[in-house]
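Engineer: First the structure, then my questions, so here it is.
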Amino acid sequence: MTRPVLLIGIGTLLVAGTAAAQSMHAYSTMRQWHGETRLTTTIDFAAGTIRLAPADESILYRLTLEYDQERFHPVSQYVTDGHRVTLGLKPVGEWSLRVPSQQQLGQSASIALSPVVDLGLDATFGAVDAELELGGLQLTTLALRTGASRVVVRFSERNKTPCRTASFAAGAAELKVYGLGNSRCREVRLEGGVGSVMLDFTGAGTTDSRVHLMMAAGELTLRLPRTVGVRMAIEKSLVRFEPKGFTRRGNEYFSANYGRTERSIEVELTTSFAGLQVEWGD
Amino acid sequence: MRSHNYVALALLPSLLLAGPSFGHDRVGEDSRAFELIRSLFRRAPFPLAHTHRATFAPGHTTLVLHLDNNSELRLTLADGRLFIDDDPVGVYLPGGGLEAAWHDLVAEAARLPTPAVVHLLQTWSPDSVPQGEARTAKSVREAAESVDAPVFTTSRPQLLDPAGPGGFTIDVGDLTDPVSLEPLLRQAARLASAALRVSVPEGTAYLGDFSVGSGEVVEGHFLVLKGTADMYGSLRGNLVTVDGDVVMHPGAIVTGDVLAYNGQVVALGGEVTGEIRTLSPLGSPAAAVAPDVQTLSPLVLALRRAAGLAGVFFTLGVIGFGMVIFARHNLEVVSDTVSNSFGRSFLVGLIGQLLVLPTFGMLVVGLILSVVGVLLLPFAVIVFGLLAVLAVLVGFLAVAHAMGETYTRRRMALGATIGSPNSYRYLLIGLGAVSTIWLAWVVFGWVPVAGQVIQAAAILMTWLLGTVGFGAALLSRAGAREQFSGRLLPPEAMTDEYLWATPQYGVSAIKRPAAKPPKSDS
């Protein structure tokens, strides 16, 4: 009796297992560069892995996707008037609370953006593993919002144009930003949730930076270049902060070389429960 | 002989489940069922070669197949050796028969479509070559056999006549959302033949290879089915290929958008002022698009759901057996709580569900407000989550246990001989009973309206049982609070043996030794 029942079960499992539908699709879209001077890019990516890097000079933008067509819909809309493009992957149907499946996390996107146009970049990520290489672009503004994501942003090369603002909003995320010194951003903003954030201000830039940080209950690490003068104004509660290399005056902390360097960083930090660390780099 | 019976039994579910779908199109459904069974024994799909490149250079001749998993298969003959992906795997005599045959093959590959090249490689067997070179050729064949090719059937180039009013129409004037266009393109690919009539508003449909010559200027949108679009001249409109590539040659201009469905856009030069898009299903041969959920047959749908149900049953069974082995006492106490206090368990379970999130919030806030608590927060969150899941799981299994126990005891009370009435049996019977509710949905879930009603009923019943189990687990503190299950009866009356083996009524009950009266203090 037991054996037939077992075999019936195995048979059912095998037969139905092969009947599983395959809904993964490959999608790509690109636009050649036809002399445009600026591009406002909005990226909205719900779940999966995403990579972003500079494109060839002949390309204005390119998106390559592998996605689950049952649950997601690729987005690529270009508005010629104003040179605005929206790229990404949005959920199909109404908004609902969903735990991404393994297949959705297997989704991937690769985006390449022109290095010869003034670029405004506004990216929103859901449950995403993201690596963004923004070095070598002409980035004028950057806004990055992340949900339950792991995001690494790099400015491996110097930004080709001064950047007004780089703002980051990290939820339950792990966010690491390397080489903000190369970004040439005059203002850096961070709203951190309960995740871990690392901001690395090293790089070859000479632009003074104002940094506004609000961190709720996560872990914040600031990597500061030794050659730059730093002033930190901190409003904190329930946080112990005794950074090395700083002199304290009230709620303000000054690096030893503050006021005597070509480049300076002014940090305003508000936090309640966040762990705060400062590292010195070159 | 017996084993054949078992195999037949193993396939029985598929035949039984096929029942509802057999009807007006018996032959089609039969072949689909056999295709399904055949798919059991089919090998895993190999990567598809979508393009290839042939290279002649001093000292080496190379053929590269570009695969859809972003890798490539590189076959090179150089310096008397065959390299596959840069690994030496065979030898040949420079200037010999194998090298000459390889040169012929690569030259042929330069003008053939990729599927034909894959086929050439898979059947490549040069004549009159020494044994060592024959082994090298075999290595090439074996490497090529690990690759599939799209089964494009390039048709004789021809213009397709437009369909009549209300006929098959594909509007390729707006390509901003190719996904919404995909069903139509897929349909067109399936129907593609010289007899197909399809209308393209402000455009033209072609079957087979299509080209715009150098210096030529054409107007309107073009839909090319099962063919490559070679662009040398100018097109003022959109261009769409289905099961074929778009090749932009130097000097070509397309002033609209380009879409290759199930194909590639090969940019050798030229200019596209609009968007260049590609879209294709992954993991299936290019011409055979897998059905999506909405178009699954009732048989396949039922089989998928049956597999899911079997998986859940198996998983719960394994967890339940583990509990019987390692925490039998707790399981039995929760199970007794379900049996003896069903209504209270349900109420407690209901209230517990409502209070889970507020409790969690209070816990988090409480911990955050204390310095030590902040450190404990991550652990507390994990532990809270685990406890909640554990309570639901243990409760649900306890309900199954209680159902099985009740059923077994009743049968025994009616005189049935049960081989071994134990917790394993109770669990299996209980889980089987719960699965039966869902089995109805598995079999009849495809029926319009009734399917949804059955599904709703199954969800409701499962939620009810889960709530009762959750409540029982809370009441009995996951089986640690033993006395609860006996709160309405004296402790000795709570044993299974007492309740089920001791007659409560009739002659036997009268002859039963009377319980000792409680001692009076006076």
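What follows is calculated from the coordinates using simple rules that are stated; it is not laboratory data. Everything quoted here is computed from the prediction, not taken from an experiment. All Cβ positions, glycine included, derive from the backbone under ideal geometry; neighbour counts span all protein chains shown.
Engineer: I'd like to compare A:225-235, B:411-421: which one has the highest average count of other Cβ atoms within 10 Å, and what's the full order after that?
Structural biologist: Top to bottom by mean Cβ count within 10 Å: A:225-235, B:411-421.
Engineer: Now a separate question. Once you charge only the Cβ atoms, +1 for Lys and Arg and -1 for Asp and Glu, what is the size of the charge dipole of chain A about its Cα centre, to the nearest 20 debye?
Structural biologist: 460 debye
Engineer: Note down, for the stretch B:401-475, the three equivalent ellipsoid semi-axes (square root of 5 times each alpha carbon gyration tensor eigenvalue), biggest first, whole angstrom.
Structural biologist: Semi-axis lengths for the stretch B:401-475 are 28, 17, 9 Å.
Engineer: Over all directions, average the projected area of the Cα convex hull of the stretch B:94-229 and note it in nm².
Structural biologist: 12.0 nm²
Engineer: Treating only the Cβ atoms of Lys and Arg (+1) and Asp and Glu (-1) as charged, compute the dipole magnitude of the stretch A:137-282 about its Cα centre; round to the nearest 20 debye.
Structural biologist: 240 debye
Engineer: Neighbouring Cβ atoms within 10 Å as the yardstick, rank B:219, A:242, A:219 fewest first.
Structural biologist: Ordered from fewest to most neighbouring Cβ atoms within 10 Å, B:219, A:242, A:219 come out as A:242, B:219, A:219.
Engineer: Using a cut-off of 11 Å between beta-carbons, work out the net charge of the residues near residue A:177 (Lys and Arg +1, Asp and Glu -1, residue A:177 not included).
Structural biologist: +2
Engineer: Rounded to whole Å and sorted largest first, list the principal axis extents of the Cα atoms in the stretch A:111-170.
Structural biologist: Taking max minus min along each principal axis of the Cα atoms, the stretch A:111-170 gives 31, 19, 16 Å.
Engineer: Let me check the size of the stretch B:409-450 from its C-alpha atoms; what are the radius of gyration and Dmax in Å?
Structural biologist: Rg then Dmax for the stretch B:409-450, in Å: 15.2, 44.
Engineer: Follow-up. Of the options A:272, A:250, A:211, report the single residue whose Cα projects farthest towards the positive end of the charge dipole of the stretch A:134-282 (beta-carbon charges: Lys, Arg +1; Asp, Glu -1).
Structural biologist: Working it through, the farthest residue towards the positive pole turns out to be A:211.
Engineer: Which aspartates and glutamates does residue B:138 reach when only Cα atoms under 20 Å apart count, and residues fewer than 8 places away in its own chain are ignored?
Structural biologist: Reachable aspartates and glutamates: B:72, B:79, B:85, B:86, B:87, B:99, B:104, B:108, B:127, B:148.
Engineer: Additional query: Counting alpha carbon pairs within less than 8 Å and at least 6 residues apart, what relative contact order, in whole percent, applies to chain A?
Structural biologist: 13 percent
Engineer: Under the definition of Cα pairs under 8 Å and six or more residues apart, what whole-number percent is the relative contact order of the stretch A:134-282?
Structural biologist: 20 percent
Engineer: Hey, another quick one. Run a plain Debye calculation on chain A (Cα atoms as equal point scatterers, no solvent) and give log10 I(q)/I(0) at q = 0.08 Å⁻¹, rounded to two decimals, same order as the q list.
Structural biologist: -0.41
Engineer: Let me ask something else. Just report the Cα centroid separation between the stretch B:345-421 and the stretch B:170-192, whole Å.
Structural biologist: When both Cα centres are located, 51 Å separates them.
Engineer: Cα convex hull of the stretch B:156-202: mean projected area in nm², to one decimal?
Structural biologist: Its average projected convex-hull area is 3.7 nm².
Engineer: What is the log10 of I(q)/I(0) for the stretch B:317-466, computed with the Debye formula using one identical point scatterer on each Cα and no solvent, at q = 0.19 Å⁻¹?
Structural biologist: Each listed q maps to, in turn, -1.15.
Engineer: Let me see the P(r) profile for the stretch B:333-405: every Cα-Cα distance counted, bins of 5 Å, each bin given as a percent of all pairs.
Structural biologist: 3, 15, 19, 19, 13, 12, 9, 6, 2, 1
Engineer: Just the projected area, averaged over all directions, of the convex hull on the alpha carbon atoms of the stretch A:134-282: how many nm²?
Structural biologist: It is 7.5 nm².
Engineer: Quick one: grab Rg to one decimal and Dmax as a whole number for the stretch B:204-254, Cα atoms only, in Å.
Structural biologist: 9.6, 27
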